[in-house]
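Some notes on the structure that comes next.
The values are calculated or read from the model by the stated rules, or taken from the named source; none is laboratory data. On a predicted model such as this, the values are computed, not experimentally measured, just so you know. With ideal geometry, Cβ positions are generated from the backbone for all residues, glycine too; neighbour counts draw on all protein chains shown. Please note that ligands, DNA and RNA were not included when accessible areas were found on the heavy atoms of the full protein model with its side chains. Shrake-Rupley method; radii C 1.70, N 1.55, O 1.52, S 1.80 Å.
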Amino acid sequence: MSVPLTVLSDDENLFRDSCRGFAEERIKPLVHEMDEKAKLDADIIPELFRLGVMGIQIPEEFDGSAGSFFMSVLAVEEISRIDASFGVFIDVQNTLMNNAIMRWAGDDQKKKYLPQLATELVGAYALSEAGSGSDAFALACRATDKGDHFLLNGRKLWITNALEAGLFIVFANVNPELGYKGITAFLVEKDFPGFSVGKKEDKLGIRASSTCELILEDCRVPKDNVLGEIGKGYKIAIETLNEGRIGIGAQMVGIAQGSWDCGAAYAKERKAFGKALADFQAIQFQLAEAATQIEAARLMVYNAARLKDAGQDFLKEAAMAKYFSSQVAEHVTSLIVEIYGGYGYTRDYPAEKYFRDSKIGKIYEGTSNMQLQTIAKHLLR
Ligand SMILES: Cc1cc2nc3c(=O)[nH]c(=O)nc-3n(C[C@H](O)[C@H](O)[C@H](O)COP(=O)(O)OP(=O)(O)OC[C@H]3O[C@@H](n4cnc5c(N)ncnc54)[C@H](O)[C@@H]3O)c2cc1C
């Protein structure tokens, strides 16, 4: 029997409720201050590990929650409904770091890192550089073979979770003459000699999420820490991001829903011309249209995630889901600022933060143009 996309199994329901409860009770009271201070509350991080949302798909034998990719999407959506900075924090951990290790790491690497990633170790994913974002394979970081280890040199930019992470997937080229076929993925621990975290960006939105430069100066990485095959890093980079962008879609759905919930509650309270705003048909229609868009975006994200879990092709659907949900998030959060009126433009109310947080959806893990390129390639090939 076919199951509607938004009908959750008992396990999925329980899991979503626990994420929702945690976000409401523990994260919500901290959101304003974290945004002001541009810093995640450190006390929440071990609690996220205990909740099981940092190793959602990691198998039980490695101390993980043995859940599905769809559950990662549910967690990112629910946490982002309250705070998109913690939303991307768990998103990077699950959909980029854990996913890449489970898929590409050797047995010894899995034994070493997966139990830590499920219980205490934060991960980050370092592909972009100052001169290469969309054109990721033009990366300039170099890896020189020194026998039993590599020396990495160069800089990475825009790395999410850099301040909290203990383990980084770093992409560097072992032989620039080979072009993208020299790109190799390395598992770099923060204490490896020659590795340091540089400047932290001062951002428009998701301000509490750390976004930093990484500096690699003769960074010594043992050969055992090559992830996957030498020269196949490009494949790891693309395929991990193909999956990861479904998580960004979920982040955008969460932001849009969180913003809508606040806006609808405000519209019921706020009086104008002797009535609640929500009694005006114009406001009702705007909220109804926004809710319809959120529902469409959610269906696209859920469908892409369920396709992935079912082992079916999901590339086009993932790109469409991320493209569309980031548009919806920007549109809905902007509308909700207007529904709050002047108050929406101040930091005393949550509307403006949702609006700022939404903007990143069109930029990271492939800009909107890059998503359109992927979609067009699929449709026109
Ligand atoms: C807050 C934040 C967090 C991030 N986190 C990470 C992270 O954890 N790890 C990581 O590796 N990276 C991360 N990034 C980097 C992010 O993925 C890149 O910023 C993004 O891929 C865009 O690259 P760029 O900034 O170099 O822009 P560019 O690639 O220079 O693009 C600029 C503009 O040109 C357009 N453009 C470029 N090429 C084309 C083309 N061929 N056709 C049409 N239009 C084009 C783009 O769509 C965009 O609008 C993060 C960025 C931010 C802002």
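The condition (being basic (Lys, Arg) and either more than 25 Å from residue 24 (Cβ to Cβ) or under 32 Å from the mean Cα position of the chain (by Cα) (or both)) is satisfied by just one residue among 275, 268: 275. Among the residues of region 121-153, those that are part of a loop (DSSP other than H, G, I, E, B) and of a type in the set (Asp, Glu) comprise 135, 148. In region 181-194, the condition of being touching a residue at least 40 places away in the same chain (Cβ under 8 Å), away from the ligand (no atom under 16 Å from the Cβ) and not in a loop (DSSP other than H, G, I, E, B) is met by at least one residue.
Go through region 211-240 and report how many residues are near the ligand (Cβ under 10 Å from one of its atoms) and closer than 25 Å to residue 319 by Cα.
Keep residues of region 211-240 that are near the ligand (Cβ under 10 Å from one of its atoms), which gives 211-212, 214, 237.
This time we only want the ones that are closer than 25 Å to residue 319 by Cα, so: 211, 237.
The qualifying residues number 2.
Considering only residues in region 166-180 that are within 12 Å of the ligand (Cβ to nearest atom) and among the aromatic types (Phe, Trp, Tyr), the one that is nearest to residue 235 (Cα to Cα) turns out to be 171.
When region 79-120 is examined, which residues are found to be in a helix (DSSP H, G or I), under 12 Å from residue 187 (Cβ atoms) and away from the ligand (no atom under 11 Å from the Cβ)?
The answer is 100, 101, 104, 108, 109, 110, 112, 113, 114, 116, 117.
In region 149-165, the residue that is least open to solvent (accessible area, probe 1.4 Å) out of those that are touching a helix residue (DSSP H, G or I) at 6+ places or on another chain (Cβ under 8 Å), more than 9 Å from the ligand (Cβ to nearest atom) and over 16 Å from residue 233 (Cα atoms) is 149.
State yes or no: is residue 146 at negative phi, at pLDDT 95 or above and under 25 Å from the mean Cα position of the chain (by Cα)? No; evaluated as a whole, the condition is false for this residue. A Cβ distance below 6 Å, combined with a sequence gap of six or more or placement on separate chains, defines the contacts here; from region 127-143, residues that are within 20 Å of residue 220 (Cβ to Cβ) and in contact (Cβ under 8 Å) with a residue 40 or more places away in the chain reach residues that are open to solvent by 40 Å² or more (accessible area, probe 1.4 Å) and more than 7 Å from the ligand (Cβ to nearest atom) in the pairs 143/174. Within the set of pairs 6+ apart or on separate chains, which have a first residue in region 245-259 that is basic (Lys, Arg), a second that is open to solvent by 10 Å² or more (accessible area, probe 1.4 Å), and C-beta atoms under 7 Å apart? That search, which allows pairs on different chains as well, returns 245/365; 245/366. Report yes if residue 259 is at pLDDT 95 or above, under 25 Å from the mean Cα position of the chain (by Cα) and open to solvent by 30 Å² or more (accessible area, probe 1.4 Å), otherwise no. Considered against the rule, which asks whether it is at pLDDT 95 or above, under 25 Å from the mean Cα position of the chain (by Cα) and open to solvent by 30 Å² or more (accessible area, probe 1.4 Å), residue 259 comes out as no.
Among the residues of region 354-364, count how many are within 11 Å of the ligand (Cβ to nearest atom) and open to solvent by 30 Å² or more (accessible area, probe 1.4 Å).
Residues in region 354-364 being within 11 Å of the ligand (Cβ to nearest atom) and open to solvent by 30 Å² or more (accessible area, probe 1.4 Å): 5 in total.
Inside region 272-330, residues that are surrounded by fewer than 17 Cβ atoms within 10 Å (Cβ to Cβ) and of a type in the set (A, V, I, L, M, F, W, C) make up a count of 11. Residue count for region 97-142, restricted to those that are open to solvent by 70 Å² or more (accessible area, probe 1.4 Å), touching a Leu at 6+ places or on another chain (Cβ under 9 Å) and small (Gly, Ala, Ser): 2. Here is a check on your reading of the model: is residue 127 within 11 Å of the ligand (Cβ to nearest atom) and touching a strand residue (DSSP E or B) at 6+ places or on another chain (Cβ under 6 Å)? Against the criterion (within 11 Å of the ligand (Cβ to nearest atom) and touching a strand residue (DSSP E or B) at 6+ places or on another chain (Cβ under 6 Å)), residue 127 qualifies. Taking each residue of region 264-279 that is farther than 20 Å from residue 291 by Cα and looking for partners that are at pLDDT 95 or above and in a helix (DSSP H, G or I) with beta-carbon atoms closer than 8 Å, six or more apart or interchain, yields 271/277.
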